[in-house]
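Some notes on the structure that comes next.
Rule-based calculations on the coordinates, nothing more; no lab input. Only a predicted model underlies this, so the values are computations on that prediction, with no experimental measurement involved. Positions of Cβ are generated from backbone atoms using ideal geometry, with glycine treated the same way; all protein chains shown enter the neighbour counts.
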Amino acid sequence: MTEQELHQRRRLKWRLDGNGARTQEAASAFLDEVGFCLMYPQKTMPLLPTFIGAFVGGDESLPSVQTAFRDARAAEATELMVRLLRQREAYEAHLFGENDLLVAASVFPFLYALVGDRNPRQTPKPGARSEYSQLARDTFEVIRQRGPIPKQRLLNELGGEISGAALDHALRELWARLRITRVDYGSREGASWDALYRWSPEAVRAGINLSVGEGLSALLSKYLDCVVAAELSEIEEFFGHLVSRSRVRDAVNALLSAREFEFVPVGARSLVRMAPPRPARERRLKPA
């Protein structure tokens, strides 16, 4: 494979060939094919497709997180993304700062196995070792009892002198561990939040029943299918936001040993890709 062939195959898979995903059906099909994507392009982000790029059908002059508010295409793409969230055809994960990761419904349980909380119904306990601030715990309890609930009502329920910025920080704490999720967005009230275990119980239950190893292996395979082929450093850059890089390397090496993955020369680089399917007889003879 040449660098040009790799580039063209990615453009085709990522809908950057002029065939924009403008309908809910097309956007859902795109997300299901790639598994996950960023909402907007950003130079410091891992190698991934973008939802706005697939919506537009190209990658020239795309808005970023910082400029999306003044771009009409971003408003249309956001409206389409919200429709996918409402129908549970897509999920959001707050893992890359303000540039959210969109995840296909078919892939989401594997992501939950890696970063989700194993006791999603229980309000996080206080204490010095708690992963959540007191405001995050209070916020979760209100969402658990009152959700779905928009941000302004959350502020009213929490009371006191809590600022919008402080509440945003608490929401991000809970969102990063998939405790809560945005389920709707209105121009007047903004985003509405609900407890993920209530909003999508089947997906959460499936994720809880998967081990971290199972989730990581499945996501690694989906990632390589999405990007066609990648350097080990690119794989680690993405999955390092989910688990330790050493665990990512161990999983990749195990899948290389099992001949699920293979190295492929691309120009002067050696990349990892999914191995082509083996003949049925060879699969049957593979040792347990």
Pick from T181, T67, T139: which residue has the top mean-square fluctuation in a GNM of the chain where Cα pairs under 10 Å get a spring?
T67
How much mean residue ellipticity at 222 nm does the chain get from its helices, if each DSSP H run of length 4 or more adds -39500 (n - 2.57) and you divide by all residues, to the nearest 500 deg cm²/dmol?
-14000 deg cm²/dmol
Tell me, rounded to the nearest percent, the portion of alpha carbon pairs in the chain spaced more than 35 Å apart.
21 percent
Below 8 Å between Cα atoms, with a sequence gap of 6+, how large is the relative contact order for the chain in percent?
19 percent
Under 10 Å, Cα contacts only: if you run a Gaussian network model on the chain, which one of P41, P265, P63 comes out with the highest mean-square fluctuation?
P265
Can you give me the angle between helix 164-176 and the longest principal axis of the chain, using Cα atoms only, in degrees from 0 to 90, rounded to the nearest 10?
40 degrees
Among 5-11, 202-208, 97-103, 222-228, the order from most to least packed when residues are scored by Cβ within 10 Å on average
222-228, 97-103, 202-208, 5-11
Post the alpha-carbon centroid distance, the stretch 188-223 to the stretch 80-139, in whole angstrom.
7 Å
Give me the angle, in degrees from 0 to 90, between the Cα long axis of helix 134-146 and the longest principal axis of the Cα atoms of the chain, rounded to the nearest 10.
80 degrees
Picking from L220, L62, L111, which is most flexible by a Gaussian network model of the chain using Cα springs under 10 Å?
L62
Rg to Rh for the stretch 3-106: what is it, with Cα atoms only and Rh by Kirkwood?
0.93
Going toward the positive end of the dipole of the chain, with +1 on Lys and Arg Cβ and -1 on Asp and Glu Cβ, which of S244, M1, T50 do you reach last?
S244
Taking R0 as 51 Å and r as the Cβ-Cβ distance between S246 and E189, the FRET efficiency 1/(1 + (r/R0)^6), rounded to the nearest 0.05, comes to 0.70
A258-A29 FRET efficiency (beta carbon distance; Förster radius 41 Å; 0.05 resolution)
0.85
Over the alpha carbons of the stretch 162-288, what is the largest minus smallest coordinate on each principal axis, giving the biggest first in Å?
60, 35, 27
Any chance you could give the angle, 0 to 90 degrees and rounded to 10, that helix 24-34 forms with the longest Cα principal axis of the chain?
60 degrees
Taking each pair of different alpha-carbon atoms in the stretch 230-284 once, compute 1/r for the pair, average those values, and report the inverse of that mean as the Kirkwood hydrodynamic radius in Å to one decimal.
12.2 Å
